[in-house]
Amino acid sequence: SDSITRFGIIFAPQSEGLSAQYEFVKVFSIILIISFLATIVRSQVLIQGGARCSEKLFNDMTARVIQAPMSYFETTPMGRILNRLTYDVEIL
């Protein structure tokens, strides 16, 4: 049988024994490691982005509540304010 060319690498036919099979396993392992590292990087980016977004939202909401006029606190129960703040941060 003929050799196979993939990714610019010439692979010997599988019928040539373990050395030919080792080349396939080596390339597969490299692809697997790159995929694993890319998954870790993607997860870290998503986690850090979510944490940064949550922190910014919480800081902005807290600043708005603190700057609200006294009439807002007289008409809105404190429990409703706290529930709204915690729910919005929990959603993120």
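The values are calculated or read from the model by the stated rules, or taken from the named source; none is laboratory data. Here the structure is a predicted model, which is why all the values come from computation and not from measurement. Neighbour counts run over all protein chains shown; Cβ positions are idealised from the backbone, glycine included. Quick note on the areas: whole protein, heavy atoms, side chains included, nothing else; ligands and nucleic acids left out. Shrake-Rupley method; radii C 1.70, N 1.55, O 1.52, S 1.80 Å.
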Q | Close pairs (9 angstrom Cβ cut-off, 6 or more residues apart or separate chains): closer than 14 Å to residue 82 by Cβ in region 60-71, open to solvent by 100 Å² or more (accessible area, probe 1.4 Å) and part of a helix (DSSP H, G or I) anywhere | A | 61/84
(Q) List the residue pairs whose Cβ atoms are under 6 Å apart, where the first residue sits in region 76-92 and is under 18 Å from residue 63 (Cα atoms), the second is at pLDDT 80 or above and surrounded by 11 or more Cβ atoms within 10 Å (Cβ to Cβ), and the two are 6 or more positions apart or on different chains. (A) 85/61; 89/54; 89/58
Q | Residues being surrounded by 10 or more Cβ atoms within 10 Å (Cβ to Cβ) and not in a helix (DSSP H, G or I) - total across region 24-76 | A | 2
